[in-house]
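The values are calculated or read from the model by the stated rules, or taken from the named source; none is laboratory data. Bear in mind that the values here come from a model prediction, so they are computed numbers and not experimental data. FYI the Cβ positions are ideal-geometry reconstructions off the backbone, even for glycines, and counts take in every protein chain you see.
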Amino acid sequence: MLALYATAHLGNHLVALAGVAAHRHAMEALRLFYRHPLVEPLLLLFILTQVASGAWGAWQALRGGRPMHPVARVQALSGLVLGSFVLIHACAVLAGRWVLRLDTDFYFAAAGMHVPPYGWFFVPYYFAGVAALGMHLGCAAYWALSARPMVRRRRAVLALALLGVGLGALLCLLLAGSIVPVQVPAAYLATYGV
């Protein structure tokens, strides 16, 4: 369920290549599913479970004092970055909806990039979160392809890591308005004191 949601969520952001209106149209269709009263609590529970179990697994792997396979080390570290990102992101979206009473849409995500100096936080935040996802999935592919030749396993890690880095950079450019025009409404900018 989390993999499906993450794919849909990132895909929705990529729809913004056709403009913010296209992103909004796709988001509204997806929200019928992931904001359904039966689905959303399960999705949040799965997120919390994944973050907690991943943090515990990374802690166990990194604190052991034993030499770690380089892929296992990258998997643990990228998982910690990804888990931190997902937890912060989910909390921010829920606070945006329930406390600030804002539609947590493209403008909610983009607002911080349009108010100096907050971009210095949000660019690395979004980039690191998406890049860590690619690296983490690349490591999972490495282990899943254990019966394949080593060169194929390494290519899988590299391909998914580069995909994460590329998508992270593209997402930052989209949110910053460097690819398509983005005019963040005043209600979103007001949360940053503008």
Residue among V157, V180 that alone is touching a residue at least 40 places away in the same chain (Cβ under 8 Å) and under 19 Å from V20 (Cβ atoms): V180
Tally of residues being assigned to a loop (DSSP other than H, G, I, E, B) and loosely packed, with under 12 Cβ neighbours inside 10 Å across segment 95-125: 4
Test result for G177, over 14 Å from L14 (Cβ atoms) and surrounded by fewer than 17 Cβ atoms within 10 Å (Cβ to Cβ): yes
Per-region count, segment 139-177, residues in a loop (DSSP other than H, G, I, E, B) and closer than 30 Å to G112 by Cβ: 1
Within segment 37-82, tally of residues that are without any contact (Cβ under 8 Å) to a residue 40 or more places away in the chain and part of a helix (DSSP H, G or I): 24
Criterion: within 19 Å of the chain's Cα centre (by Cα), free of Cβ contacts under 8 Å to residues at least 12 places away in the same chain and within 30 Å of S178 (Cβ to Cβ) - qualifying residue of R31, R24: R31
Tally of residues being at pLDDT 95 or above and over 28 Å from L162 (Cβ atoms) across segment 57-113: 16
